[in-house]
Amino acid sequence: MHGKAIQIVSFDNPYPPNFGGVIDVFYKIKALSQLGVKVYLHAYYDDRTDVSGLKPYCESITFYKRNKSFIKFISILPYAVNTRLSKDLVFNLKKQNAPILFETIKTTGILKNNVFRNKVAVRCHNIEHNYSWGLGYSETNLIKKIAFFIEGLKFKRFEPILEKADVLFSLSIDEFEYYSANFKNESVFLPVFQGNTEVLGEDGFGKYALYHGDLTTSDNVKSALFLINVFKELSHPLIIASSVSNKMLVKEVSNYKNISFKLINAEHDLDSLIKKAHVNTLFSYQKSGTKLKVFNALYKGKHCIVNNKMIDEISVLRLCEVAESKAQYKDVVNKIFKTPYTKTENRISVLKNYNASIVVRELVSTLF
């Protein structure tokens with residue numbers, strides 16, 4: 001692959017890789033670089049400016065400050081798109097003779113009035129209008145709820161911009177089927193890029209159940225409340241962990257002796273919590289592919305309980321226990337806490353397919 005190059009337009013600075021979409025972007029960049037592909041990174045940003053972890057993998061890194069002024073709300077463009085428009089980006093992309101990979105539809109606003117001679121691809125992280133509406137359903141604040149529904153309508157109207165791409169890379173089966181059915185572009189299922197390479201869970205029993213997630217996201221808060229509702233009727237300990245605190249959730253947790261909240265200050269804190277847990281309890285009200293936290297749990301932890309909206313890849317789902325209702329969840333938790341964990345060859349074999357060094361070859365074979 002030496003001599004090949006790619007331009008990546010990221011919706012945010014992908015370093016550090018500590019939340020959802022940027023994890024996919026960071027480990028994609030790393031895998032491309034290790035394969036010998038030169039990476040020219042262009043990234044919009046708010047306040048994430050650390051590039052120390054990106055420098056070893058990028059030929060160049062160019063940042064573009066998002067314009068998040070109030071006036072950006074007053075547009076037919078989705079706010080997430082309208083705050084990511086840059087003439088400098090257009091100029092810089094045209095300087096290189098290399099394929100362009102736009103990370104999420106949020107970064108594709110410049111395709112509206114510009115044509116590029118190079119191959120153009122979009123990494124579809126979600127079906128954005130469905131994602132926005134899903135957040136709206138989970139949101140309890142009325143103003144935010146309305147804003148999410150309006151943003152979803154704008155994304156639905158804006159979605160035909162994807163017809164200007166040559167390739168659409170979907171990270172879930174559902175999204176792949178949606179884009180294949182609704183667009184004539186080449187559509188490719190490309191699993192999520194993530195940094196785990198070895199199954200580390202130790203045989204035996206752990207100490208507690210663990211839920212981890214970003215508690216600034218309404219779906220994660222709603223899911224954590226669901227799990228509190230499950231465990232408040234059980235004796236097994238549950239730890240809810242996040243890098244941000246949520247006052248309402250912490251107050252609710254304080255009502256129960258077997259449930260606690262842990263603030264995560266660094267990645268190794270979360271790794272330690274996953275390692276010591278007997279079961280990772282994961283839940284979502286929103287379907288958006290196989291969540292990255294599932295891979296973290298399966299690579300680093302022991303047992304894993306999910307509902308179907310957490311995973312849409314059957315081979316991965318079969319590595320987990322599945323529970324959809326409160327009653328089912330209670331039954332599965334009680335069973336799991338009586339069952340020692342044993343690392344299996346099946347788990348190792350299935351997860352090998354999600355090593356970034358394997359996934360990247362599909363990306364490269366499609367773009368070059």
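Between helix 356-367 and the chain there is an angle of about 30 degrees, using the helix long axis and the longest principal axis of the Cα atoms. Listed values for the stretch 261-269 are Karplus-derived 3J(HN,Hα) couplings in whole Hz (6.51 cos²θ - 1.76 cosθ + 1.60, θ = phi - 60°), namely 10, 10, 8, 8, 9, 8, 4, 5, 5, and x replaces Gly and Pro.
Rolling a 1.4 angstrom probe over the chain with all protein chains present gives an accessible area of which 53% lies on carbon and sulfur atoms. The longest part of the chain holding none of the exposed loop GluC sites (Glu not before Pro), meaning those outside H, G, I, E and B in DSSP with at most 14 other Cβ atoms within 10 Å, is 1-197.
The stretch between Phe91 and Asn114 holds 7.3 nm of extra length on full extension. This uses 0.36 nm per residue minus the Cα-Cα distance.
Between the C-alpha center of the stretch 160-191 and that of the stretch 338-368 there is a gap of 22 Å. With the convex hull of its Cα atoms as the shape, the chain has an orientation-averaged projected area of 17.9 nm². Considering only Val350, Val120, Val322, the mean-square fluctuation computed in a Gaussian network model of the chain, springs between alpha carbons under 10 angstrom, is largest for Val350.
Annotation for the stretch 324-368: trypsin sites (Lys or Arg not before Pro) lying in DSSP loop with at most 15 further Cβ atoms inside 10 Å of their Cβ are Lys338, Lys343.
Which shape class, rounded, prolate or oblate, goes with the stretch 1-123 when its Cα gyration tensor gives a ≥ b ≥ c as root eigenvalues, a/c under 1.5 marks rounded, and past that a/b bigger than b/c marks prolate? Verdict is oblate for the stretch 1-123.
Here the relative contact order of the stretch 1-57, from alpha carbon pairs under 8 Å that lie six or more residues apart, stands at 50 percent. Rounded to the nearest 20, the Cβ-based charge dipole of the chain about its Cα centre (Lys and Arg +1, Asp and Glu -1) stands at 560 debye.
Using a ≥ b ≥ c from the Cα gyration tensor of the stretch 310-368 (square roots of the eigenvalues), is it rounded, prolate or oblate, where a/c under 1.5 gives rounded and otherwise the larger of a/b and b/c decides, a/b for prolate? Because a/c hits 1.5 or more and a/b fails to exceed b/c, the stretch 310-368 counts as oblate. Proximity of backbone amide H atoms, modeled 1.01 Å from N, is registered between Phe193 and no other residue at under 5 Å, excluding neighbours fewer than 5 places apart on the same chain. Based on protein heavy atoms only, the stretch 108-190 ends up with 49 Å² per residue of surface accessible to a 1.4 Å probe. Helical content alone sets the calculated 222 nm signal of the chain at -11000 deg cm²/dmol, taking -39,500 (n - 2.57) per DSSP H segment of four or more residues and averaging over every residue.
The values are calculated or read from the model by the stated rules, or taken from the named source; none is laboratory data. If you're wondering where the values come from, they're calculated on a predicted model, not measured in any experiment. So basically every Cβ, Gly included, is an ideal-geometry build from the backbone, and we count neighbours across all protein chains shown. Heads up: the accessible areas ignore ligands, DNA and RNA and are worked out on the full protein's heavy atoms, side chains in. Shrake-Rupley method; radii C 1.70, N 1.55, O 1.52, S 1.80 Å.
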